[in-house]
Structures are given as structure tokens and as C-alpha cells.
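A short write-up of the structure that comes next.
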Amino acid sequence: MAGSLAKNSKILICDDDETLCYLLKEQLLEEEFSVDTVYDGKYAIENIKSNSYDVLLLDLNMKEVQGEEVLKFVADYKPTLQVIILSAQGEMRKAIECIKAGAYDFINKPYDFDNLLVTLNRTIEHKNLIVKTEILTKEIQKKGSDSIVGDSPLLKRVLNLANKAAMSDSNILIEGETGTGKELMAEFIHKHSAREEKPFVVINCASLPDQLIESELFGHEKGAFTDAKNTKQGLVEIAHGGTLFLDEIGELSLTLQPKLLRFLENGEYRRIGGVTSLKSNVRVIGATNKNLLEESDKKNFRKDLLFRLNVITLVIPPLRDRKEDILLLSNYFLKTKSPVRAPKILSPEAEELLVSYNFTGNIRELDHIIERAIIFADGEYIYPEDLNLPQSFRKGSFSHTSEETEDVEDILSMEDLERWHIQKVLNKNHWDRTRTATQLGISPKTLYTKIKKYELKPVRY
């Protein structure tokens, strides 16, 4: 009845009735939950500090520390932990007050186990939703598609290795040039692992200063530093049971590397300002565009951390070595980025030009090239000049004659490209907005908004 939720879920029972604790634990173990029991609120607090639980089954009346105090501690210290109150007859009012204070639900004693199990499953689903929402809010949840696009032998070989690696719990290092899709590969591994129902959490090690990265990774206690107004859970705690992806791990400072090494060795960490060692069970995947062995020889990266991290190493080949995948990826980006009412198609000349291009920026560069081409192309087809490849590369290559040829070599931003293209189509249609909107694949209202935004004006004929 518990299903897949039970296998990765950990429950803490806190009740001064030792017989009830024993019986309830036995029943939950039969459903494949992981279960700990304590007999007073003070021990519950100690366990919560040093372990990661999904649900706390909490009695209200205990000898030393009451249930209400434990609930308040959970709300401040570990807000993702869900609490179900085990209330005796006559405690209905107190149970309702506890729900107002943050408990998820309550169960009356003596309990019906089937009803408790339904409530428990619902609570775990709620907890997982909270964690996913928090990840999305922080903009660290995975980006991109649900699958990896490509059919080249090189890519198939890497995906085969990634599938095998996903079945283990070993740490993984993904190497590859910038733009090759290392985060997407990490997401692929997570989705094909036994951890797929748990969070996939991403942090870019090059995007934040040391203290902020440490706080993001391991959390901090209230008052640990000037802006630490509340206790904060770290990403290693949020990712418990799932996968932690450390992008650009080669940029991690020498100050933080020992702390990450300690976590990789035994799953233990401390929040900034904390004195208690906490534990979290996550699989760590690191990614880098650097040669970390060379970096370790230069004393920029610890060798012991490298050896702990790269139990399994996957190398993603650059796009220039996967020519078979270029058109597959191009058509995928066209499908996802073209206006629904006016889909774009690559001309044979544009396809040939793309296949011969070197793509120093790999898949990310191809993505941007296609997005630009969708803006440049006047009609259904995308021609070589619409790709706006570097002039040195295009010299002597294919061209498609057009009545209007404008110098767009210095256009840098997508907004500049969009402004230029809208003005071009408006001029071509003598500022017939209905026809222009149709050709652009947008509504007349959207076109009007763009005209206002870019302060476009008609030319005199």
C-alpha cells in the first residue's frame, strides 16, 4: 500500500508510550519505511539535528519536552520536515492549534493503521512537492529537454556508460567543453537511477563567492553572519535521497574543497555557525571543462578530492566530432523555438553550411544560431545568410539572393536582432501591420507592443 514512497522515506516516531512505538515501528518496517523511535521531545530534537527525516509522528504529551516545543523547533530548524500529530482523545483543540503552527495533519489514538498509512503517503507527497517548489523557486532545478538529442556513435557510447553509471551510487565526474550539455547528462543519469523520484539539485560553483556557496551547499544557523536572520537548510539537505550536481566544480576554491571532501567521505557536514554534524545521503555529480589532474598538479585542485569525485568519469565529445547530430539538434531547436503558426525549415544550403561549421561553442552555440536564424528568416525557409555565421567562415560559402541585404555583422544582442528584423519586415510590407504580424508569426497586439518597445517608425517612401 505504501508503494515506492516507502523505499526512500525515513520516519521518526516520538511518543512516550514505548509499546505503541514498538508496534508502530514494526508495522511501518513491513511497509518498507526506514524508522527510528524516541520516547521524549528532547531526543526527537537531537535526532532531527543529526538526521534527515521525511515525516515526524509526534505525540503531544511527554515528560520533559512537549510536542508543541518540538513542532516549534521543526518549524524554525527544518521546515521541510513534515509533522503528523498523534493525539489522544480530548486533545482535538491542541491538535488543531498544532496544524495552525505548521503540522501537516493529526491522527487520533488509538489509530487505524490503514488510515495512518494513507495520511503518511499523502504527507510524503506533500513534502516532496515542497522540496521541488523550493528548488524551482531558487532557479536551481534542471533546465532543458527531458531527453538527449543525438544519434552519433560517440554519443551513444557515452549514453551507454551513463546508463551503467546511473545504476550505481558512485560519485561521477563529467568532463567536456563548454556548451556540450554536461548538466543535461547529469539529469539523464539522475532520471535513470534509483533516485529519480527524489530531487535533482544544481549549483554552479563559479557563480557565487565562497561564503554564499558554502551557505547554499551546507546551510547556516540563525545569526551565523550579518544577514543570517533565519536558519537555512543547505542544498545537500534539500537533495537528501537524490542527486546534487556541482557544475564547474573546477572553480571551487581551495577553502571550500576540504569541506566538500569531508561530505563526500562520510555524508557529514555542518551548517555555517553550527556545532552539530548533520548527515545527508546524496549522490554527487561534478562537471568541469578543465583538466582537473593538471589543475591538481598546479595545486589549484586537491588530488584527494579529485579521486573521491571521479569514481566514474564520463567525457562528452564536442559537437564538431558528432557531425551526425548537428541536423538532428538543429531541427529539434527549430521545432521548440519556431512560432507555432509559422514554423521554419532549413534550406539544403543552410543544412550543408551547418554541417561544415566548427561550433567552438558546441550545442549552446548551435542553439543560439538557430534562434537568431528564426528571427532573420523572412519566409518559411532559413537560408545561409539567415544563420549569421562569422564572416570569415561564410566567405566563399553558399548564399541566397535577396532584394534586401543589410549589414548585420555588428548586431550583438537578441533584442538588437529582433528590432532589426521587425523593422525590416514592416518596411517590406509598407507598414501593413496585419500582414507583418502574419509573416512574423505573432499577433497584431504583440507586434504593436514590439513597435512601442523598440520605438520603431515608418520610413518615408
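Each value in this text was obtained by applying a stated rule to the coordinates, not by laboratory testing. None of these values were measured; they are calculated from a predicted model. For neighbour counting, all protein chains shown are included, and Cβ atoms are generated from backbone atoms with ideal geometry for every residue, glycine included.
Report the FRET efficiency, 1/(1 + (r/R0)^6), for Thr313 and Lys335, where r is their Cβ-Cβ distance and R0 is 35 Å, rounded to 0.05.
0.60
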**Request:** Starting from the Cα-Cα distance between Asp227 and Lys445, subtract it from 0.36 nm times their residue separation and give me the gain in nm to one decimal.
**Result:** 74.0 nm
**Item:** Span from the region 239-278 Cα centroid across to the region 170-203 one, whole angstrom
**Value:** 17
**Asked** So how tilted is helix 18-30 from the main axis of the chain? Cα-based, degrees 0 to 90, rounded to 10.
**Response** 40
**Asked** To the nearest 500 deg cm²/dmol, what mean residue ellipticity at 222 nm is calculated for the chain from DSSP H runs of n ≥ 4 alone, each contributing -39,500 (n - 2.57), summed and divided by the residues?
**Response** -13500 deg cm²/dmol
**Message:** I need the peptides 75-86, 118-129 ranked by packing, meaning the mean over residues of other C-beta atoms within 10 angstrom, with the highest value on top.
**Reply:** 75-86, 118-129
**Request:** Calculate how steeply helix 444-454 sits against the longest principal axis of the alpha-carbon atoms of the chain, using the helix alpha-carbon long axis, and give the answer as 0 to 90 degrees to the nearest 10.
**Result:** 80
**Prompt:** Roughly what % of DSSP beta bridges within the chain run antiparallel, to the nearest 5?
**Reply:** 10
**Asked** For Thr360 and Lys457, FRET efficiency with R0 = 45 Å and r from the beta-carbon atoms, rounded to 0.05?
**Response** 0.70
**Prompt:** Is the shape of region 4-137 best called rounded, prolate or oblate, per the rule: a/c under 1.5 gives rounded, else a/b larger than b/c gives prolate, else oblate, with a ≥ b ≥ c the square roots of the Cα gyration tensor eigenvalues?
**Reply:** rounded
**Per-q log10 I(q)/I(0), the chain, q = 0.09, 0.12, 0.13, 0.14 Å⁻¹ (Debye; single scatterer per alpha-carbon; no solvent)** = -0.77, -1.05, -1.13, -1.21
**Request:** Of the listed pairs Lys49/Lys191; Lys10/Lys94; Lys63/Lys279; Lys100/Lys232; Lys232/Lys290, which have alpha-carbon separations greater than 24 Å here?
**Result:** Lys49/Lys191; Lys10/Lys94; Lys63/Lys279; Lys232/Lys290
**Asked** If you line up the long axis of helix 67-77 against the longest principal axis of the chain, both from Cα atoms, how many degrees apart are they, to the nearest 10?
**Response** 30
